Amino acid sequence: MYDHPDFEARAAARVELDSPVMIRRGDDDLLYRSRDLSATGLFLWSPHGDVRTAAVGEQLELLVHAMARPVRCRGEVARVVEPGSPEWASYPTGMGVRIVACAEADRAALDALLSARA
């Protein structure tokens with residue numbers, strides 16, 4: 001496993017979660033998959049290899065389809081894994097997204113999912 005500096009700075013434990021996630025970037029809706037999830041973020045990638053990563057700091061609308069109903073949150077790109085980067089040898093092309101806002105019901109649904117998988 002590659003020792004990325006963000007691994008040390010993570011504020012919450014992560015659980016594996018392979019789930020569809022729709023993101024909205026401006027007027028575009030793009031389908032990704034999650035690799036993992038925590039109370040503070042998730043990693044998104046594409047099984048089709050057509051990942052259009054966003055820039056660090058870019059704001060995204062997220063629709064996570066891992067529960068009985070989709071959970072909507074707002075996120076911010078925290079890091080990007082691109083072909084040729086040190087992480088790319090161990091991880092798929094994609095992006096780490098920090099969850100910055102969720103409605104109370106959506107936050108409760110995420111917390112319940114994390115508790116069930118812990």
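The values are calculated or read from the model by the stated rules, or taken from the named source; none is laboratory data. Predicted model, so just to flag it, every value in this text is computed and none were measured. As a convention, Cβ positions derive from the backbone with ideal geometry for all residues, glycine included, and neighbour counts pool all protein chains shown. Ligands, DNA and RNA are stripped out before the accessible areas are found, and what is left, the full protein with its side chains, is counted by its heavy atoms. Shrake-Rupley method; radii C 1.70, N 1.55, O 1.52, S 1.80 Å.
Give the residues of region 63-87 that are free of Cβ contacts under 8 Å to residues at least 60 places away in the same chain, among the small types (Gly, Ala, Ser) and either open to solvent by less than 60 Å² (accessible area, probe 1.4 Å) or touching a Ser or Thr at 6+ places or on another chain (Cβ under 9 Å) (or both), sorted by residue number. If you could, list the steps in order and put the result at the bottom.
Let us first name the residues in region 63-87 that are free of Cβ contacts under 8 Å to residues at least 60 places away in the same chain, namely 63-77, 80-85.
Now drop any that are not among the small types (Gly, Ala, Ser), which leaves 66, 68, 75, 84-85.
Matches in region 63-87: 66, 75, 85.
Taking residue 101 and the conditions (1) touching a Leu at 6+ places or on another chain (Cβ under 6 Å); (2) open to solvent by 30 Å² or more (accessible area, probe 1.4 Å); (3) at pLDDT 95 or above, which numbered condition does it fall short on, given that it satisfies the others?
(1)
I'm checking my understanding of the structure. Among residues of region 16-49 that are modelled with pLDDT under 90 and not in a strand (DSSP E or B), which one is least open to solvent (accessible area, probe 1.4 Å)?
46
Could you run through region 104-118 and say how many residues are among the aliphatic types (A, V, I, L, M), over 17 Å from residue 16 (Cβ atoms) and open to solvent by 40 Å² or more (accessible area, probe 1.4 Å)? Break it down into steps so the answer makes sense when it comes.
Of the residues in region 104-118, the ones among the aliphatic types (A, V, I, L, M) are 105, 108-110, 112-114, 116, 118.
Keeping just the survivors that are over 17 Å from residue 16 (Cβ atoms) gives 105, 108-109.
Filter once more, keeping what is open to solvent by 40 Å² or more (accessible area, probe 1.4 Å): 105, 108.
Adding up the residues that qualify gives 2.
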